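Asks: Sharing a structure below in structure tokens format, with a few things to ask.
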Amino acid sequence: MPSAIRHSLASMDDYISDPKPSGYRGIHLVYRYFSDKKKSMYNGMKIEMQLRSKYQHAWATAVETVGMFSGQALKSSLGSEDWQRFFSLMGSVIALREGTAMVPNTPTGGRALVAELSDYASRLKVEERLKGYSNALHSISNAPTDAYYYLLQLDPQSGVLNVSGFKLSASADAESQYAEAEKLVQQRPGTDAVLVSVDDISTLWKAYPNYFADTRMFVELMNQAISGRSRKIRIGELKFSQGDIFGSS
């Protein structure tokens, strides 16, 4: 059956067959938007889709989390060389587990790869740091139960995630407050903001785990690799203490 999609593919980058040296893997598809209906004013603009496995996404989440909370641009391959090397090794660990191409300039043998990974994990205190980021993060909510849009504002240095909610009828207000939040991000490097729409506030952490410093799957991947015992990973719902976004603020 022919595809009904009318957007045209502008470019495709396959970072699974050809991983980046940083360890990043995924497939990027860039389309040129086209509509002959109400949204025709956006015709010609580009839309990017990033496709990753759950383990590849766990890697990306961990990179963003460490980068934000440590004040380093690790996502852009800048910052601590030790952290960069660690994430390159973890990229190959996941590639080996998934049966895909290894990250350039990492050991091709499993034992050598795990030995070097274990050394970096110990020196950087990776598990302790990642759990510390999560435990130190406090969420403050101002979201009605029937919200449609959610504005997430993260300040890693103070350890605060502010979640504001807006009803569907308040889209203009949501976009206005997001614009103000973006200005603050420019003024305070290290902070971040995003405006999203999800079916329920309880699913926010699934869509944006880095904002909640949720690196549990990544830590389990690392620990399984070091122990030499791989098994299927299931991560349960993220729990919040009273006063966080699912409790009373």
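Coordinate-derived values only; no laboratory data. This structure is a prediction, so every number in the text was calculated from the model and none was measured. In this analysis, Cβ positions are derived from the backbone assuming ideal geometry, glycine residues included, and neighbour counts consider all displayed protein chains.
Asks: Given that just one value was derived from the coordinates, which of (i) 165; (ii) 111; (iii) 126 is volume of the Cα convex hull per residue in Å³?
Replies: This structure yields the entry labelled (i).
Asks: What angle, in degrees between 0 and 90 and rounded to the nearest 10, separates the Cα long axis of helix 171-187 from the longest principal axis of the Cα atoms of the chain?
Replies: It works out to around 50 degrees.
Asks: Taking the chain, how many lysine pairs are there with alpha carbons less than 13 Å apart, if each pair must be eight or more places apart or span two chains?
Replies: Within the chain, the lysine pair count is 4.
Asks: Another question, then. Give, as a single signed number, the net charge of other residues whose beta carbon lies under 12 Å from the beta carbon of ASP155, with Lys and Arg counted +1 and Asp and Glu -1. Walk me through the numbers on the way to the answer.
Replies: On the way: positive: ARG188; negative: ASP192.
That works out to 0.
Asks: With Cβ to Cβ distances under 14 Å as the rule, what net charge do the other residues near PRO107 carry (K, R +1; D, E -1)?
Replies: Overall, the nearby charge balance is 0.
Asks: Report, in degrees rounded to the nearest 10, the 0 to 90 angle that the Cα long axis of helix 81-98 makes with the longest principal axis of the chain.
Replies: That works out to roughly 90 degrees.
Asks: Arrange THR215, THR100, THR203 by Cβ neighbour counts within 10 Å, fewest through most, would you?
Replies: Sorted ascending by nearby Cβ count, the order is THR203, THR100, THR215.
Asks: Also: Under 1.5 on a/c is rounded, so check that first for segment 137-212, then, if it is not, pick prolate when a/b is larger than b/c and oblate when it is not; a ≥ b ≥ c are the square roots of the alpha carbon gyration tensor eigenvalues.
Replies: oblate
Asks: Report, to the nearest 10°, how far helix 110-124 tilts away from the longest principal axis of the Cα atoms in the chain, using its own Cα long axis and a range of 0 to 90°.
Replies: 60 degrees
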